[in-house]
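Working notes, structure below.
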Amino acid sequence: MIILNEIKIKPIFFDSMGAKCSSVLIETPDIRILVDPGAAGMQRSYPLPPEEKERLRLEALKRIGVASESCDFIFISHYHYDHHTLPSNIPEGVANFYMNKTIWAKDPNRYINHSQWRRARKFFEELGGEGIYIKPGEVYYKPIEEELPFALSRDYGDYTQRKRELLKKGEMWFKKLLTVWQTESWVKEFSTPDCTVEFIDGREYNFGSTKIRFTEPLFHGIEYDRVGWVVSLVVERNGKKFIYSSDLQGPQIEDYAEWIIDENPDAMVLDGPATYLFGYMMNRINLNRAIDNIMEILKRTKTNPIIYDHHLLRERRYKERLSRVYEEGKSRVLTAAELLGKEPLILTMV
């Protein structure tokens, strides 16, 4: 557990424990928030038999169910199944995470890709039925040059022309999504006898001395990442600050590193780069960006500890690939398993 005076952060389950998961319970004297109640089995390359991967996934969901019994709010940063669970997929014998809760969820109507658009609607239909749709609203957006000035001013050397081509393709993809957001039916915020749903992108709340802030949507990885967008969470109380990044994968985008540096949190749960996809869906340029960005965070913040986990802990060579980070961060950078006094599961296997 991380204790920042009256903010307590308890890891529930993470990839370092053997399932795709990034769930924490945050408690202050004013509020209890369960973050990202979902878990998925590890990918094929993870060196465990399928039945053991499934056992660990179910174990993660059981722990999430126990944690949900003591929380007031549930935060869902995006609609991947390692971050949320359909009510119909909660295992038998596990408490319904969402019963009598306020669900703070990423807006399912804008800054969302096609697959998460569909998953979000299935999720909210299960929670609220069919009467949850309304006409589409306005979608405001900044040009990427205004949104990500640090990333776009980086010197990419021989990769510069290719980077421009990828950004152009990404812009075309974004504009196609924009048409969907502006024309298809939206999900409305709603309440039922069992739960309340609020969309929290860019919103702030105060509960007693506790301040809760949610970011606007951030890319799940690099610029125009086809995987979509996520929302990060900031919790503050009496001069102490905690950040849950969600799936920034590094962060790979320089502007997100600058945001973290400006916030200068006392502790943070930060998603690392997906090194298990290196050479496939992650190239050397973007891996180096992630390394450079976490190095800047380490050098320019007081943050201690940084729980560096999730995508990073899906293959054995993560420390080798990020050796500069571990040399610089030393004991400041650790996994959720290590915070709990255990070795990351991936390092225990031959």
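Only the coordinates and a few stated rules stand behind these numbers; no lab work does. Quantities reported herein were computed from a predicted structural model and do not represent experimental measurements. With ideal geometry, Cβ positions are generated from the backbone for all residues, glycine too; neighbour counts draw on all protein chains shown.
Below, the figures for the structure above:
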quantity	calculated
Residues being in a helix (DSSP H, G or I) and either surrounded by 13 or more Cβ atoms within 10 Å (Cβ to Cβ) or touching an Asp or Glu at 6+ places or on another chain (Cβ under 9 Å) (or both) - total across segment 123-159	14
Within segment 56-94, tally of residues that are among the aliphatic types (A, V, I, L, M) and closer than 14 Å to PHE13 by Cα	7
Subset of segment 305-333 [among the hydroxyl-bearing types (Ser, Thr, Tyr), surrounded by fewer than 20 Cβ atoms within 10 Å (Cβ to Cβ) and under 23 Å from ASP266 (Cβ atoms)]	TYR326, SER331
Members of segment 203-236 that are on the phi > 0 side of the Ramachandran plot and either within 15 Å of the chain's Cα centre (by Cα) or among the hydroxyl-bearing types (Ser, Thr, Tyr) (or both)	GLY221, TYR224, GLY228
Residue count, segment 317-346 (criterion: in contact (Cβ under 8 Å) with a residue 12 or more places away in the chain and part of a loop (DSSP other than H, G, I, E, B))	6
Segment 185-225: number of residues that are closer than 19 Å to ILE260 by Cα, in a strand (DSSP E or B) and of a type outside the set (D, E, K, R)	4
Boolean, GLN182 is outside any helix (DSSP H, G or I), touching a Gly at 6+ places or on another chain (Cβ under 9 Å), over 29 Å from MET99 (Cα atoms) and without any contact (Cβ under 8 Å) to a residue 60 or more places away in the chain	no
Only one of ILE64, ILE2, ILE33, ILE12 that is β-branched (Val, Ile, Thr), in contact with a Lys or Arg (Cβ under 9 Å, 6 or more places away or on another chain) and crowded, with 21+ Cβ neighbours inside 10 Å	ILE12
